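A.B. asks: Structure in structure tokens, see below.
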Amino acid sequence: MPTVQGPTASSANPEVAVATTAAPDKQQTIVVAALTDPAQILPPEIPTVQAPTASSANPEAAVAATAAPDKQQAIVVAALTDPAEILPPEIPTVQAPIASTAAAATTSGRVELVGECLVAEACIDQFLWALYQRTPKEDTTKERELRKVTVKRKGKLVTVTRSFTKLVDNDFTWKDPKAAERVGMSMMDYVIGGMDRSFKIKLFHTLYAAEAAGLQPGITSAFRDDYRQSIASGLKAAANRSFHGGSLRGGYGRGLAADIVSVNGANRAQRWASTEALWKWVDANGKQFGIGRPYLAFDPPHVGPIDGPEYASRRGGTKSASAEVKKRQKQAAQAKPGAAKPQAGAKPQLAARKPASKPAGRLAAAR
């Protein structure tokens, strides 16, 4: 780039010469100072100062030279013609504060806790609620149908009514919202908040481990009050005796049961196969978290705490007092010695006969 040198060093009045080179895309300014003393002339390597803006019509530069004992600095101030071209001051980036509770986010089909968890119970509720929301509320129920058929009895055809059982698909998504609306609560507070706190912690650790194992667990039902239990279909307990939260079990905040399935699969058949794999995994690993399935045959999705009365009554553990009493009575009856059997060849002993008492009339006559 060409450089324009100022007047000679012997000049009395120092001047500053500015050379400007125009380019298609930018404009640069080179500043060379002419000093009175040749010893103070700057070396050839002079830094190039680029103008801040290229869109300005007539850019001007003011140069102030300050001498220091060891170095010399040039301060360039650009005067812009348009005030709108002045850049605003840089605003420092402020990081958003971390939420106090973690949110359950779905990443590639897996539910994870995102954020810092300062309140453990709130994080547990968020995770369990996410599992509940992603689970289809579908079931197969048995319905009885009465039909009139003709049969042959004693050589005659007669018409009788017989009962037939058929499997019907049932969608019970509407039941929990209706029960929550009935008591004036949100869905999350009703379904998840109604469970016992210690049971929720055990259920969280169990399902979180199952989620990490790729089983994709889901919750179809958690807390149920008496009304919600009364509108449930299929094989079920009495409305007030359900461990899901019946009034005889403590009601709201004391629910000790939940129904779990797997959502892994594109259709119902695939989800059923993955659900059976989930139940087997719970049977093999659930006890280390304190969770088990009390009813393996007729209610397989039902899980509860293994230290609870429901699991103990069905799968072992502490038995009821009446069962213990019956067992002790049976053992005592078996321990009593039986009657002595007569030895072979021994004559049976005859009981001594008592003299017959005389009738009262004869006694009176004898007197």
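Taken together, the values in this text are just the output of simple stated rules run on the coordinates, not laboratory data. Treat the numbers as computed from the prediction; the structure is a model and nothing was measured. Note that each Cβ is placed from the backbone with ideal geometry, even for glycine, and that neighbours are counted across all protein chains shown.
A.B. asks: What's the Cα-based Rg to Rh of the range 255-299, Rh via Kirkwood?
C.D. replies: For the range 255-299, the value is 1.00.
A.B. asks: A further question follows. Before anything else, pin down the relative contact order of the range 146-273: Cα pairs under 8 Å, at least 6 apart, normalised by residue count, whole percent.
C.D. replies: On the way: 170 pairs, mean separation 25.9, N = 128.
20 percent.
A.B. asks: Still on this structure, please answer the following. Over the alpha carbons of the range 131-193, what is the largest minus smallest coordinate on each principal axis, giving the biggest first in Å?
C.D. replies: So the three principal-axis extents are 65, 23, 13 Å.
A.B. asks: Any idea what % of Cα-Cα pairs in the range 174-290 are farther than 20 Å? List each step's numbers first, then the result.
C.D. replies: Values: 3099 of 6786 pairs.
Of the Cα pairs, 46 percent sit more than 20 Å apart.
A.B. asks: Now for a different question. Going through the range 205-276, which chymotrypsin sites (Phe, Trp or Tyr not before Pro) have at most 10 other Cβ atoms within 10 Å and a DSSP loop state? Walk me through the numbers before you get to the answer.
C.D. replies: Numbers: sites: Tyr208, Phe223, Tyr227, Phe243, Tyr252, Trp272; in loops: Phe223, Phe243, Tyr252.
Qualifying residues, ordered by number: none.
A.B. asks: How far, in nm, would the chain grow between Arg144 and Asn240 when pulled straight, counting 0.36 nm per residue and subtracting the alpha carbon separation?
C.D. replies: On the way: separation 96, 0.36 × 96 = 34.56 nm, distance 2.52 nm.
So the chain would gain 32.0 nm between Arg144 and Asn240.
A.B. asks: A further question follows. Under 16 Å from the 7 Å Cα→Cβ point of Gln288, by amide nitrogen: which residues of the range 201-240?
C.D. replies: Zone members listed by number: 202-215.
A.B. asks: Stokes-Einstein at 10 °C, 1.306 mPa s, Kirkwood radius from Cα pairs: D for the range 179-225 in µm² s⁻¹? Intermediate values should be presented prior to the final figure.
C.D. replies: Details: Rh = 11.8 Å.
Roughly 135 µm²/s, to the nearest whole number.
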